[in-house]
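Right, one structure below, let's go through it.
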Amino acid sequence: MLDEEVRIRPAEPEEAELLSDVAWRSKEYWEYPVEMMSNFRDFLTITDDFIEKNPTYLAENEETGEIIGFYSIELFEDSKWWIRHLWVVPEHIGTGVGGELFLHACEIAETVGAEELNIITDPNVEEFYLHMGAEKVGEQMQKTGDEERKLPVLMIRLH
């Protein structure tokens, strides 16, 4: 159960910088080395254009208006819907906010006609998605600076 009143609403393009900050803080939670974090910068930077083109929703504390997490889904060229971002600020990891955002993402994906939602995730977060009902369908190599990492590829059926 959530430890406070949280509202999920569509993100506004002018909130892109705030969402980038949420993504950055959330990624830092996993204590990646500084060099690796700098390689994530482009991926973690959310633009107003991205928000305009992709369903993006944020979770905020109803009392304070603080943004505590967000997600985006994106239709890729393979005609599949993917979770592009799902981030929760470190202070709220483990409170249920991520689960609420994930379930909301599944609902929104269904409304746009998706039969499944695909996820390429950080290895640290794989267990979260498996717990939420996703299944592992493969792995993808990612080059991050000079390092290569294997990222889990997951999928959840929506119907």
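Could you give the length gained by full extension between Tyr29 and Glu148, i.e. 0.36 nm per residue of separation minus their alpha carbon distance, to one decimal place? Display every interim value, and only then the final one.
On the way: separation 119, 0.36 × 119 = 42.84 nm, distance 2.03 nm.
Full-extension gain reported as 40.8 nm.
Within the shell defined by Cβ-Cβ distances under 9 Å, the residues around Arg157 carry a net charge of -3, with Lys and Arg each +1 and Asp and Glu each -1. Coupling constants for the range 34-47 follow from the phi torsions by the Karplus curve (6.51 cos²θ - 1.76 cosθ + 1.60, θ = phi - 60°), and in residue order they are 3, 4, 5, 4, 5, 6, 7, 3, 4, 5, 7, 8, 9, 10 Hz; glycine and proline get x. Rounded to the nearest 20, the size of the Cβ-charge dipole of the range 116-155 about its Cα centre is 60 debye, with Lys and Arg at +1 and Asp and Glu at -1.
For the chain, a crude dipole built from +1 on the beta carbon of Lys and Arg and -1 on the beta carbon of Asp and Glu, taken about the Cα centre, is about 560 debye to the nearest 20. Normalising the average separation of contacting C-alpha pairs (under 8 angstrom, six or more residues apart) by the number of residues puts the relative contact order of the range 11-77 at 38 percent.
Bear in mind these aren't lab numbers, they're just calculated from the coordinates by the rules spelled out. Worth saying up front: this structure is predicted, and the values here are computed from it rather than measured. Note: ideal-geometry Cβ built from the backbone for every residue, glycine included; neighbour counts use all protein chains shown.
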